[in-house]
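**Student:** The structure is given below, and queries will be raised subsequently.
Bear in mind these aren't lab numbers, they're just calculated from the coordinates by the rules spelled out. Just so you know, these numbers come straight off a predicted model, no measurement behind them. Positions of Cβ are backbone-derived with ideal geometry, glycine not excepted, and every protein chain shown enters the neighbour counts.
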Amino acid sequence: MGSSFPKLTSKALLSPMAGVTDVAFRTLAKQYGAGLTYTEFVSGTAIVRGNEKSLLMLRTDLIEKPVAVQLFGNSVQDVVDAARQIEDDFDIIDINCGCPAWKVIKTGSGSALLNNPEKISFFINKLASAVNKPVTLKIRSGIDEQHMNAVEIAKLAEDAGAAAIGVHGRTQKQGYSGKADWSVIKQVKEAVSIPVIGNGDVFSPEDVKKRIEETRVDYVLIARGAIGNPAIFQQVNDYLKTGTYESIDKIKQFFEFLELAKKYELPFNIIKTHAMSFTKGLEGSARVREGISRADNLKELINVLQACRNQVQMKNYPVISVQ
Ligand SMILES: Cc1cc2nc3c(=O)[nH]c(=O)nc-3n(C[C@H](O)[C@H](O)[C@H](O)COP(=O)(O)O)c2cc1C
């Protein structure tokens with residue numbers, strides 16, 4: 001019957017993100033001190049059918065441990081079979097009950113499950129009795145403002161054998177708009193004894209500290225705040241330990257990512273998307289990003305990023321002319 005949630009070495013965890021949390025990105029986040037990394041959500045049905053693209057999403061790096069796999073699906077049997085098939089490679093099996101995308105909810109998976117707390121409970125119960133790894137779930141606060149049932153679901157999930165619960169403080173209806181409501185996350189924390197992982201709008205080390213102090217959650221998931229900036233985990237850890245942190249060069253982070261991306265032979269389009277993220281918000285980034293979008297191959301992409309790095313270095317270390 002399942003098992004308990006491991007004690008993690010950081011309060012900040014890398015949230016699952018489709019198209020972002022590939023093995024290279026997760027490994028870099030881990031190197032920068034993320035307490036836990038999650039694969040992007042992978043269809044249980046696709047895994048049992050041996051879908052190649054889905055199986056590629058299940059690659060992990062040895063340094064990632066502990067690492068979580070996030071599964072989704074409407075068929076409990078498929079998700080249970082998939083979990084059994086892959087459990088040896090992961091430390092935690094997480095079920096997605098939060099995705100608001102139409103193509104997912106129309107099949108009854110992701111956040112559509114919030115409409116059916118009994119099914120979530122059944123899911124967790126079946127999974128927890130089928131695998132030897134801790135089973136967790138990630139939910140939203142509810143379907144909409146009139147149907148905020150995160151507390152009810154958390155209690156049912158705990159009774160069914162969940163080892164921890166992640167709560168994104170937005171409703172399905174909100175998608176990514178508005179603000180995450182951390183008061184719901186606090187209510188969940190007060191209602192259950194399993195670890196609660198808060199999520200939503202955490203973009204800085206200060207946000208992590210504030211949310212933990214306000215709600216007493218055990219951990220915090222960071223998603224958008226880590227895109228193009230996995231070093232945020234080092235900053236969070238430094239800040240929680242010493243009260244200060246340093247900014248970390250994003251271009252340097254990109255080249256670190258690139259080494260891992262090459263190791264794992266990630267497709268060029270994925271590397272290019274990451275390159276866009278690592279250069280977002282940098283001074284003069286419009287031109288760099290234009291160059292990235294025009295790059296047709298890795299060599300061209302590296303040239304653009306290298307030129308950007310040289311420019312930053314020249315700015316930081318002005319050339320002293322010798323008379
Ligand atoms: C590009 C992108 C992809 C996402 N994919 C997933 C996913 O596969 N599984 C999941 O549970 N949540 C997914 N999410 C939601 C995030 O994990 C997180 O719950 C949400 O972005 C709120 O956290 P944030 O405010 O720190 O971004 C995704 C979010 C983004 C931006």
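**Student:** What is the spread of the Cα atoms of region 250-315 along each of their three principal axes, largest first, in whole Å?
**Tutor:** Projected onto the principal axes, the Cα atoms of region 250-315 cover 33, 21, 19 Å.
**Student:** Also, I was wondering about something else. So which GluC sites (Glu not before Pro) in region 250-304 pass both tests, a DSSP loop state and at most 15 other Cβ atoms within 10 Å of the Cβ?
**Tutor:** Details: sites: Glu256, Glu259, Glu265, Glu283, Glu290, Glu300; in loops: Glu265, Glu283.
Listed in order of number, the matching sites are Glu265, Glu283.
**Student:** Another one. PRE reach from Met276 (point 7 Å along Cα→Cβ): which of region 48-64 fall under 18 Å by backbone N?
**Tutor:** The answer is none.
**Student:** Over the chain, with a Gaussian network built from C-alpha contacts below 10 Å, which listed residue (Ile197, Ile105, Ile92) shows the highest mean-square fluctuation?
**Tutor:** Ile105
**Student:** Would you grab the residues whose amide H sits under 5 Å from the one on Thr136? Only those 5+ places off in sequence or on another chain, please, with H modelled 1.01 Å from N.
**Tutor:** Ile93, Asp94, Ile95, Ala163
**Student:** I'd like the distance separating the alpha-carbon centroids of region 126-145 and region 237-308, in whole Å.
**Tutor:** 34
**Student:** I'd like to compare 166-175, 114-123, 151-160: which one has the highest average count of other Cβ atoms within 10 Å, and what's the full order after that?
**Tutor:** Values: 166-175: 23.4, 114-123: 18.1, 151-160: 19.9.
Most protected by this proxy first, the peptides run 166-175, 151-160, 114-123.
**Student:** In vacuum, with every alpha carbon of the chain counted as one equal point scatterer, what does the Debye formula give for log10 I(q)/I(0) at q = 0.16 Å⁻¹? Two decimals, please.
**Tutor:** Each listed q maps to, in turn, -1.35.
**Student:** Moving to a separate point now. Can you give the charge dipole size of region 12-242 about its Cα centre, rounded to the nearest 20 debye, using +1 on the beta carbon of Lys and Arg and -1 on the beta carbon of Asp and Glu? Before the final figure, lay out each step's value.
**Tutor:** On the way: 26 positive and 27 negative charges, 63 e Å.
So the magnitude is around 300 debye.
**Student:** Whole-Hz ³J(HN,Hα) for each residue in region 14-26, computed from phi via Karplus 6.51 cos²θ - 1.76 cosθ + 1.60 with θ = phi - 60°, x for glycine and proline: what do you get?
**Tutor:** 7, 6, x, 9, 4, x, 10, 8, 6, 4, 5, 5, 5
**Student:** Rounded to whole Hz and in sequence order, give me ³J(HN,Hα) for region 131-136 from the Karplus expression 6.51 cos²θ - 1.76 cosθ + 1.60, θ = phi - 60°, writing x for Gly and Pro.
**Tutor:** Per-residue couplings from phi come out as 10, 9, 10, x, 10, 10 Hz.
**Student:** Compute the relative contact order of the chain as a whole-number percentage, counting only Cα pairs closer than 8 Å that sit 6 or more residues apart in sequence.
**Tutor:** Details: 622 pairs, mean separation 50.3, N = 323.
For the chain, the relative contact order is 16 percent.
**Student:** Using modelled amide H (1.01 Å from N, peptide plane; none on Pro or chain starts), what sits under 5 Å from the amide H of Leu13, excluding residues fewer than 5 places away?
**Tutor:** Gly35, Val220, Leu221, Ile222
**Student:** For Glu118 and Lys106, calculate 0.36 nm times their separation in residues minus their Cα-Cα distance, and state this gained length in nm to one decimal. Working shown, then result.
**Tutor:** Working: separation 12, 0.36 × 12 = 4.32 nm, distance 1.84 nm.
Gain in length upon complete extension: 2.5 nm.
**Student:** Would you work out the relative contact order for region 1-61, in percent, from Cα pairs under 8 angstrom that are 6 or more residues apart? Could the numbers behind the result be given before it?
**Tutor:** Details: 63 pairs, mean separation 20.7, N = 61.
Across region 1-61, relative contact order equals 34 percent.
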